[in-house]
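Engineer: Have a look at this one.
The values are calculated or read from the model by the stated rules, or taken from the named source; none is laboratory data. Only a predicted model underlies this, so the values are computations on that prediction, with no experimental measurement involved. Ideal geometry is used to build each Cβ from the backbone, glycine not excepted, and the neighbour counts take in all protein chains shown. When the accessible area is computed, the model is the full protein with side chains, heavy atoms only, and any ligands, DNA or RNA have been set aside. Shrake-Rupley method; radii C 1.70, N 1.55, O 1.52, S 1.80 Å.
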Amino acid sequence: MFRKIWFFSSILSLLIGIEMIALQSIVLNSEGTKILAQGDPSVERKRWWIEALTGDALKYPEKEIKIPQTAAYLFFGLSGLGFAHSFFFIKNDSDD
């Protein structure tokens with residue numbers, strides 16, 4: 001059972017690592033940027049001032065977020081660790 005769990009997690013982390021290498025950046029639409037900005041009080045103050053002075057609602061722009069390549073290599077390392085555990089895990093008689 002543990003071999004299957006390790007194998008599944010290693011395949012999942014390998015796919016996430018490949019996806020991160022292939023994408024290299026994520027583009028958020030205005031709704032995603034608005035959700036991220038709600039946690040930042042300086043953006044909230046800016047929004048309040050702009051809406052108070054102009055009377056128009058603040059429009060959130062699209063934002064591109066770069067994915068660091070070290071994060072992808074971290075997932076590749078976790079995948080290798082998972083494969084090693086799934087292939088070399090000592091099998092007991094009570095498993096499977």
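Engineer: Between Lys4 and Val27, what length in nm is gained on full extension when 0.36 nm per residue of separation is reduced by their alpha carbon distance?
Structural biologist: 4.8 nm
Engineer: Return the carbon/sulfur percentage of the accessible area of the stretch 9-51, one whole number, probe 1.4 Å, all protein chains in place. The partial results should precede the final answer.
Structural biologist: Values: 1980 of 3040 Å².
Carbon and sulfur atoms account for 65 percent of the accessible area of the stretch 9-51.
Engineer: Let me ask something additional. Could you tell me the ratio Rg/Rh of the chain? Both radii from Cα atoms, Rh via Kirkwood.
Structural biologist: Details: Rg = 22.1 Å, Rh = 16.9 Å.
Reported Rg/Rh (Cα atoms, Kirkwood Rh): 1.31.
Engineer: What lysines does Lys46 reach when the alpha-carbon gap must be under 17 Å and sequence neighbours fewer than 8 apart in one chain are set aside?
Structural biologist: Lys34, Lys59
Engineer: Note the full-extension length gain between Leu12 and Gln69 as 0.36 nm times their separation in residues minus their Cα-Cα distance, in nm to one decimal. Intermediate results must be reported in sequence, preceding the final value.
Structural biologist: Numbers: separation 57, 0.36 × 57 = 20.52 nm, distance 1.75 nm.
So the chain would gain 18.8 nm between Leu12 and Gln69.
Engineer: From the helices alone, meaning DSSP H stretches of at least four residues, give me the mean residue ellipticity at 222 nm for the chain, per-run term -39500 (n - 2.57), in deg cm²/dmol to the nearest 500.
Structural biologist: On the way: 4 runs with 64 residues, N = 96.
Rounded to the nearest 500, the figure is -22000 deg cm²/dmol.
Engineer: Moving to a separate point now. Using only the C-alpha atoms of the stretch 1-48, find the volume of their convex hull and express it per residue in Å³. It would help to have the intermediate numbers written out before the result.
Structural biologist: Values: hull volume 5.6 nm³, N = 48.
Dividing the Cα hull volume of the stretch 1-48 by its residue count gives 117 Å³.
Engineer: Between rounded, prolate and oblate, where does the stretch 30-77 land on the alpha carbon gyration tensor, with a ≥ b ≥ c its root eigenvalues, rounded for a/c under 1.5, else prolate if a/b exceeds b/c?
Structural biologist: Values: a/c = 4.75, a/b = 3.21, b/c = 1.48.
Prolate shape, in that a/c is at least 1.5 and a/b is the bigger ratio.
Engineer: A further question follows. Please give the per residue accessible area of the chain, computed with a probe of 1.4 Å over protein heavy atoms only, in Å². Walk me through the intermediate numbers first.
Structural biologist: Working: 7500 Å² over 96 residues.
In whole numbers, the chain has 78 Å² accessible per residue.
Engineer: Oh, and also: For the chain, what are the DSSP H helices with axial Cα length of 18 Å or more and mean Kyte-Doolittle hydropathy of at least 0.0? All intermediate terms of the calculation are to be shown ahead of the outcome.
Structural biologist: Working: long enough: 2-23 (31 Å, 1.55); 41-54 (20 Å, -0.75); 69-88 (29 Å, 0.97).
Helices meeting the span and hydropathy rule in the chain are 2-23, 69-88.
Engineer: Measuring from label point to label point, each 7 Å out along Cα→Cβ, what is the Ser42 to Asp56 span in nm?
Structural biologist: So the two model labels end up 2.4 nm from each other.
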